[in-house]
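Beneath this line is the structure, given in structure tokens, with notes to follow.
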């Protein structure tokens, strides 16, 4: 295929998306009432998927999405054209979900210490690690395995689960995560490492070869 | 041949995230690599730790192209336009 001015097909697709977003933002900032419904129709499903990862109930996830769109509507005038609309909305729905989580009653939680590796006095692991049976990319294709992984994430204590979601799933930086949670960057790093270790422990018995 | 003691597994696992992020000083990284060359347990732990990160991401991302729930769209639009 002949490329126009060195821009690939994928590049043009991305540029088209930015152009459509820019048009939508301009209409929103001009007070076009139809533009808001277009925004909601275009982005409510991706935002709902994000909120569902944080909030355990569908009702609370939908409330967070509604909070996010109201917040976006109020602050659209401050939207910087240098940002991606999807990235801006993503950040807003993450914050709305975190706000909802803070108001919810906590569930009984397992002690994360029980899921961390244990060591002998000489520094070796009490139970040496064994390689998993298949590559992760293949295992996670199976719906059964995907369910096991999601259930294991759900078992993590809340302060660890949230950091894992923000860093490894939503791909926010350490600094962005620290700011969103009001904790230090070092605390984010410590919680993330412990969350990954605990999740690894929870997955280990399933991944050693008993998932087919 | 080097007489230096190896880092203990405890140290390897404690700083695994920094190792994967490339955040360790060159000297410390070479000590990590020296340990991994002789410790199958830490090699297995490192691989499964890395797999855990990949699987958490892949299992959490739902790529279904569903339409948004109509009642949610209407509720959001009404909340802003006061319908």
Answer from B:44, B:26 - the residue that is farther than 30 Å from residue A:51 by Cα, modelled with pLDDT of 95 or more and more than 16 Å from the chain's Cα centre (by Cα): B:26
State whether the residues of the stretch B:70-80 include one that is out of contact with any strand residue (DSSP E or B) (no Cβ under 6 Å at 6 or more places or on another chain), closer than 27 Å to residue A:154 by Cα and in a helix (DSSP H, G or I). yes
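Okay, residues lined up against (1) out of contact with any strand residue (DSSP E or B) (no Cβ under 7 Å at 6 or more places or on another chain); (2) part of a loop (DSSP other than H, G, I, E, B); (3) within 30 Å of residue A:72 (Cα to Cα):
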site: A:91; (1), (2), (3): yes, no, yes
site: A:95; (1), (2), (3): yes, no, yes
site: A:101; (1), (2), (3): yes, no, yes
site: A:107; (1), (2), (3): yes, yes, no
site: A:114; (1), (2), (3): yes, no, no
site: A:117; (1), (2), (3): no, yes, no
site: A:121; (1), (2), (3): yes, yes, no
site: A:129; (1), (2), (3): yes, yes, no
Grab the helices (runs of 4 or more DSSP H) fully contained in the stretch A:143-192, keeping just those with 2 or more residues being under 25 Å from residue B:15 (Cβ atoms) and more than 9 Å from chain B (Cβ to nearest Cβ). A:158-164, A:174-181
Unique residue being in contact with a helix residue (DSSP H, G or I) (Cβ under 7 Å, 6 or more places away or on another chain) and surrounded by fewer than 19 Cβ atoms within 10 Å (Cβ to Cβ) when the list is A:107, A:124, A:90: A:124
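Yes or no, residue by residue, for (1) facing another protein chain (nearest Cβ under 9 Å); (2) assigned to a helix (DSSP H, G or I); (3) modelled with pLDDT under 95:
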| position | (1), (2), (3) |
| --- | --- |
| B:5 | no, no, yes |
| B:56 | yes, yes, no |
| B:64 | yes, no, yes |
| B:67 | yes, no, yes |
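The values are calculated or read from the model by the stated rules, or taken from the named source; none is laboratory data. Remember, it's a predicted structure, so these values are computed and weren't measured experimentally. Every residue, glycine as well, gets a Cβ built from its backbone with ideal geometry; the counts of neighbours run over all protein chains shown.
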